[in-house]
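To start, the structure itself, in C-alpha cells.
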Amino acid sequence: MIDKTFDHPRREPVKPVVPVDIPKMETAFSALGLSDALAYGVQQMGYLEPTPIQKQAIPQVLARRDVIGSAQTGTGKTAAFALPIIQLLNTHAELRCLILEPTRELALQVEEAFQKFAKFTDLRVTIVYGGVGYGKQTEDLKRGMDILAATPGRLLDHLEQRNCSLEKIDILVLDEVDRMLDMGFLPDVKRIVAKCPKERQTLFFTATLPAELEQLASWALRDPIKVEIGRNRSPAETIAHGFYPVVAQQKFDLLQLLLEQTDFKSVLIFCRTRMGADRIAERLQRKGHTVGVMHSDRNQRERIEALDGFKSGRYEVLVATDIAARGLDIAGVSHVINYDVPENAEDYVHRIGRTGRAQNTGDAFTLVTEEDVRDARSIERYMGVTVERKKIEGFPYIYSALFDEKALAEVAAAAVKPVSRLHRGARR
Ligand code: ADP
Ligand code: MG
C-alpha cells in the first residue's frame, strides 16, 4: 500500500508555500479532518457548511478508502473529492492524481476548482482536453504537475506521445461517471485505468448509479465504500417547476411571452437538437435578446466564448443541447427553460439542476406539446412528483384541450412515439 502521507522516500521534502498566516480553524470543514489551510480556503470561497456528500465522502477519502459517491447534480461533489485529495497530496512532487471528466467544460471547471482550493499549497494542477492544439498542453505536461484533469481521448493521445506518464498515479478519480458511460467513453476509460498502478485509491463520483457503472466499479475499485445521498431522482428542493402545455406551432410565441413576463437574470434554454438550438438562438437574437449558443457542433473556442459570455452577463440567454446539461456549474442561473421536453426523464433532472445550485433558488419552465405528454408523464413518475400545469394569462392559446387532462390522455395515447425517437441520435 502506498504511504499514507505521500512522503516518498526518494523525494526531497519540500516546504509547503503558504502565502498567508492561516488562523487556527475550528469549522465544520476542519471537523471533517481537513487542514487549517483548506478549511480557511473554503471559508474564503464562502462555503459555510459542507454539503451532505462532502460530509460523508471527505473522511473516507482522507482514510484512503475507495469511494463511490453519488449525489444529485449541484450538491458539491467536486469539493467532496478535491479537498481531501489536496490534503493527501500535501506538497508538490510528481503526477499522482488523475481526474477524468466526460467533457472539456467539466474538465475546465474541475481544474478551476482545484486551483482555487489548492491556493494555499504549492501543488500544481494541469488540464488536457480535446478540440484544441497540443502545443501548450504538451508544454504544461512537461513542466510537471501533481494533479491532472483530463478528458479521456486527449489524455490517451498524450500518453501515446509520451508527454506524461500515469506510473505514479496514486489517486484516480472518475467524475460524472454516468455521463462518461453515456457518452461511450467506457473503452477509453478502461484503457486509462489499466495504465495506472494497481496499488492506488480510486474514486467514482456520479449523479446516478446505472447498472453499467456498478460493473465498471467492481473492476476498477477495491472494496469501495458507497456514499449515496438522497434520492438521485429528485431535483433540488430550491427549484420551482412548471409544465406549460402548448401546441408546437405556438412554442416560440409562448417562450417569448415567458421571457417577457419573467424577471430573469440569466436563463438557460434547452433544445433537443443542435439545429433546433441554433434556430431558437437566431430567433431570440432577432427579438433583441443577447444570446450564446452551446452544443457539440460548435468548436472549443466558440463554446468557451458562449459560456464565458453567459457567466459574465454579456449574454442574458444561453441556448444549449443536453451536452451542457450535466455537471456544468454556472453560478446564478435564475431560470431554466426546456423548449423541448427531454426524452430521458433523468436528463430533466440534470437540466434543471443548472438552476437552484447550492442554496440558490431557481425556476424551471418546460414547454409541453401534445406529443410530449408521455415524456412529461415519465418525468413525473421518475421524480415521484406531480408538476403543476401552468397557463399564462393573456396568451392566445389555439388549443385549449391541452389543459383537459382527459383529452390529453387521449392525445398522448395517439401520439406516435417512434417519430420522436428519431431525434435520439442527433441530440448531442
Ligand atoms: P456537482 O459536481 O455535485 O454537480 P459542484 O461540485 O459543481 O456540484 O458544485 C456546485 C456548486 O456548489 C459550485 O458552485 C460550488 O462552488 C458550490 N458549492 C460546493 N460546495 C459548497 C458548500 N459547501 N457551500 C456552498 N457552496 C458550495
Ligand atoms: Mg460534478
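Nothing in this text is a laboratory measurement; each read-out follows from the coordinates by a stated rule. Keep in mind that this is a model prediction, so the values were computed, not measured. Cβ: placed from backbone, ideal geometry, glycine included. Neighbour counts: every protein chain shown.
See the values below:
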{"quantity": "Förster radius 56 Å - calculated FRET efficiency between Lys24 and Arg381 (Cβ-Cβ, nearest 0.05)", "calculated": "0.65"}
{"quantity": "Glu228 long-range amide H proximity, modeled H, under 5 Å", "calculated": "Ser70"}
{"quantity": "Ordering of 50-56, 333-339, 297-303 by burial proxy (mean other Cβ atoms within 10 Å per residue, highest first)", "calculated": "333-339, 50-56, 297-303"}
{"quantity": "Protection proxy ranking, peptides 193-206, 91-104, average beta carbon neighbours within 10 Å, highest first", "calculated": "91-104, 193-206"}
{"quantity": "Length gained when the stretch Asp157-Thr262 is fully extended (0.36 nm per residue, less Cα-Cα span)", "calculated": "33.1 nm"}
{"quantity": "The range 18-70, relative contact order [Cα under 8 Å, separation at least 6], %", "calculated": "30"}
{"quantity": "Sorted peptide list for 79-87, 211-219, criterion being average Cβ within 10 angstrom, highest first", "calculated": "79-87, 211-219"}
{"quantity": "Ala248-Asn344 pseudo-label distance in nm [points 7 Å out on the Cα-to-Cβ vector]", "calculated": "2.4"}
{"quantity": "Charge tally in the Cβ shell below 10 Å around Gln300, where Lys, Arg are +1 and Asp, Glu are -1, Gln300 excluded", "calculated": "+1"}
{"quantity": "Antiparallel content of DSSP bridges confined to the range 2-228, in %, to 5", "calculated": "0"}
{"quantity": "Cα Rg, Dmax, the range 2-228, angstrom units", "calculated": "16.6, 48"}
{"quantity": "Simple label model, 7 Å out from Cα along Cβ direction - Glu139 to Ile392, nm", "calculated": "4.9"}
{"quantity": "Residues whose placed amide H lies under 5 Å from that of Met294, excluding near-sequence neighbours", "calculated": "Val319, Ala320, Thr321"}
{"quantity": "Efficiency of FRET from Cβ geometry, Thr290 and Thr91, R₀ 45 Å, rounded to 0.05", "calculated": "0.50"}
{"quantity": "Mean-position separation - Cα centroids, the range 193-224 and the range 244-289, in angstrom", "calculated": "40"}
{"quantity": "For Asn338, residues with placed amide H under 5 Å, excluding near neighbours", "calculated": "Phe270, Phe365, Thr366, Leu367"}
{"quantity": "Net charge of neighbours whose Cβ lies under 12 Å from the Cβ of Ile169, counting Lys and Arg as +1 and Asp and Glu as -1", "calculated": "0"}
{"quantity": "Distance violations [Cα-Cα > 27 Å] among Lys119/Lys142; Lys77/Lys119; Lys119/Lys198", "calculated": "Lys119/Lys198"}
{"quantity": "Amide N of the range 103-124 lying under 15 Å from the label point, which is placed 7 angstrom from the Cα of Leu48 along Cα→Cβ", "calculated": "none"}
